[in-house]
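**Student:** Quick one: this structure, given as structure tokens, is what I'll be asking you about.
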Amino acid sequence: MNQKHSADTEIIWKDTRLAEIGRIVAGGTPSTSDPNNWNGTVAWVTPADLSGRSSRHLTTTERTLTELGLATSAARLLPPRSLVISSRAPIGHMALPLVSFCTNQGCKSIEFFDGQDPDFHYYNLRFWVRRLHDKGEGTTFSEISKKALEAVEVPVPSNRKVQETIASVLALLDRAIEQTEALLAKQQRIKTGLMHDLLTRGLDAQGRLRDPSTHAFKPSPLGPIPTEWTAVYVEDLCDDIVDCPHSTPKYELGGFPCIRTADMVPGKLLLQNAYRVSSSTYQERISRLVPRKGDIIYSREGERLGIASPVGDELVCLGQRVMLLRPKAETDSTFLTWAMNSPSFYNRVVLGQIATTSPHINVRDIKKALVVRPEPTEQQLIGEALAADDSERSALENCLEKLRRQKGGLMHDLLTGLVPVTPLLANPEAPISP
């Protein structure tokens, strides 16, 4: 077993087998045909419960067992804060349940020995998860066996106080990330409500939401709308609507951004990581219409279906699965962008396509999709209100991304011994410097 000194000369990290830090436990499933085995009080963790989690803690599971189901299966009850790891489809999702639990065969768990800090090992194994992947075997899908998991080695400081200190520093960042995610979720709920109100009631001459009790509304194919508005087709608000070239471009390291659906979120193009094309390829892909500031790119195919993003100052061209709309001079581009990003538009135009084998929307369907048309001045006011709200969301998203990068950097520095831990032992919340 290898030993190494970290930046703290008095702290020794050892490559330690997982079997040395805890008991590795496999899972099981009782008979699914016997209803007496199910819907009890015993949490039963499967890989689905671990997928897409941002919090390290788990308190509930999608399915539960009865005491009979636990007794008649190979599953074993584990104490809270044992570490559960998905061992297939895929390998390496993990959590620390805060309740007693058992698992199915798609998970393995570590019931820690005394002297080990569960939170540290959660972060440590998240960082060294590639070592779990490397032990996976299988043709249809990769799976790590109990024996292979026991043999995985990761660097571990033998001093529990050091483990706890590293975990507490990373937990501080986790709490900040979770709080920011909660703020983003709250802001999105507010945004959805604001979008609904602005796109169904609009703003009166004083810039206030119209009140149905004091303003006149009329019936329309989209429901009641202010009498000043009309319901029109998207094409009525545009000078031009064109599809993307039906070919895969040759990408290069430099050049012009070639927009794919992966480069789009509602209301914004993500140009930083966009694939790029040469000048000649760019010219080929703008032959139908040259994208310019104020145009709207709309994703019309694939998993990221139904997203409208405005073109900014940088020259771009269309990749695959997208289309380009050029609003009329009297159409506010920001207004139309958010009208096409609204839940109402999505539900009417996009939702029916999601369940198909190859989800897509035809260009003609977008042209003939209904939207509301306020007067140009009101469109601008609505667009400005939604854009201002979106800028707050962008600030939160930037903060969240910064926190995630900071956490990733700290995990690397703390869990490889590059940053001395000794100064943190006295104050885990102290600033960290390499």
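**Student:** Residues of region 33-58 being outside any strand (DSSP E or B), modelled with pLDDT of 95 or more and surrounded by fewer than 12 Cβ atoms within 10 Å (Cβ to Cβ), which ones?
**Tutor:** SER33, PRO35 - these are the residues of region 33-58 that are outside any strand (DSSP E or B), modelled with pLDDT of 95 or more and surrounded by fewer than 12 Cβ atoms within 10 Å (Cβ to Cβ).
Residue-by-condition table, conditions (1) among the charged types (D, E, K, R); (2) in contact with a Lys or Arg (Cβ under 9 Å, 6 or more places away or on another chain); (3) surrounded by 13 or more Cβ atoms within 10 Å (Cβ to Cβ); (4) within 30 Å of LEU400 (Cβ to Cβ):
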| residue | (1), (2), (3), (4) |
| --- | --- |
| LEU149 | no, yes, yes, no |
| LYS161 | yes, no, no, no |
| LYS191 | yes, yes, yes, yes |
| LEU198 | no, no, yes, yes |
| ASP243 | yes, yes, yes, no |
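**Student:** Tally up the residues in region 225-257 that are in a loop (DSSP other than H, G, I, E, B) and in contact with a strand residue (DSSP E or B) (Cβ under 8 Å, 6 or more places away or on another chain), please.
**Tutor:** So the answer is 10.
**Student:** Which numbered condition in (1) modelled with pLDDT of 95 or more; (2) surrounded by fewer than 19 Cβ atoms within 10 Å (Cβ to Cβ) is the only one that GLU303 fails?
**Tutor:** (1)
**Student:** Find the residue count for region 275-294, including only residues that are crowded, with 20+ Cβ neighbours inside 10 Å and touching a helix residue (DSSP H, G or I) at 6+ places or on another chain (Cβ under 8 Å).
**Tutor:** 1
**Student:** Pairs please, first residue from region 185-206 and touching a residue at least 12 places away in the same chain (Cβ under 8 Å), second anywhere and among the hydroxyl-bearing types (Ser, Thr, Tyr), Cβ atoms under 9 Å, 6+ apart in sequence or on different chains.
**Tutor:** THR192/SER342; MET195/SER342; MET195/SER344; HIS196/SER342; HIS196/SER344; LEU199/SER342; LEU199/SER344; THR200/SER344
**Student:** Let me ask you something else. Quick check: is even one residue across region 213-224 in contact with a strand residue (DSSP E or B) (Cβ under 6 Å, 6 or more places away or on another chain), of a type outside the set (A, V, I, L, M) and farther than 23 Å from ALA385 by Cβ?
**Tutor:** yes
**Student:** From the list VAL129, VAL84, which residue is touching a Cys at 6+ places or on another chain (Cβ under 7 Å) and in contact (Cβ under 8 Å) with a residue 12 or more places away in the chain?
**Tutor:** VAL84
**Student:** Restricting region 301-330 to residues that are under 16 Å from GLU235 (Cβ atoms) and part of a strand (DSSP E or B), which is nearest to the chain's Cα centre (by Cα)?
**Tutor:** Taking the candidates together, the pick is ALA308.
**Student:** Is it the case that SER109 is outside any loop (DSSP other than H, G, I, E, B), touching a residue at least 60 places away in the same chain (Cβ under 8 Å), within 27 Å of HIS412 (Cβ to Cβ) and of a type outside the set (Phe, Trp, Tyr)?
**Tutor:** Yes.
**Student:** I would also like to ask the following. Every residue in region 264-300 that is of a type outside the set (A, V, I, L, M), modelled with pLDDT of 95 or more and within 22 Å of the chain's Cα centre (by Cα), please.
**Tutor:** TYR275, TYR298, SER299
**Student:** Quick one: would you say PHE113 is aromatic (Phe, Trp, Tyr), within 27 Å of the chain's Cα centre (by Cα) and closer than 21 Å to GLU153 by Cα?
**Tutor:** no
**Student:** Please determine, by comparing only the residues of region 59-90 that are outside any loop (DSSP other than H, G, I, E, B) and among the hydroxyl-bearing types (Ser, Thr, Tyr), which one is farthest from ILE24 (Cα to Cα).
**Tutor:** THR64
The values are calculated or read from the model by the stated rules, or taken from the named source; none is laboratory data. Given the structure is predicted, the values throughout are model-derived calculations rather than measurements. Cβ coordinates were reconstructed from backbone atoms using ideal geometry, including for glycine residues, and neighbour counts include every protein chain displayed.
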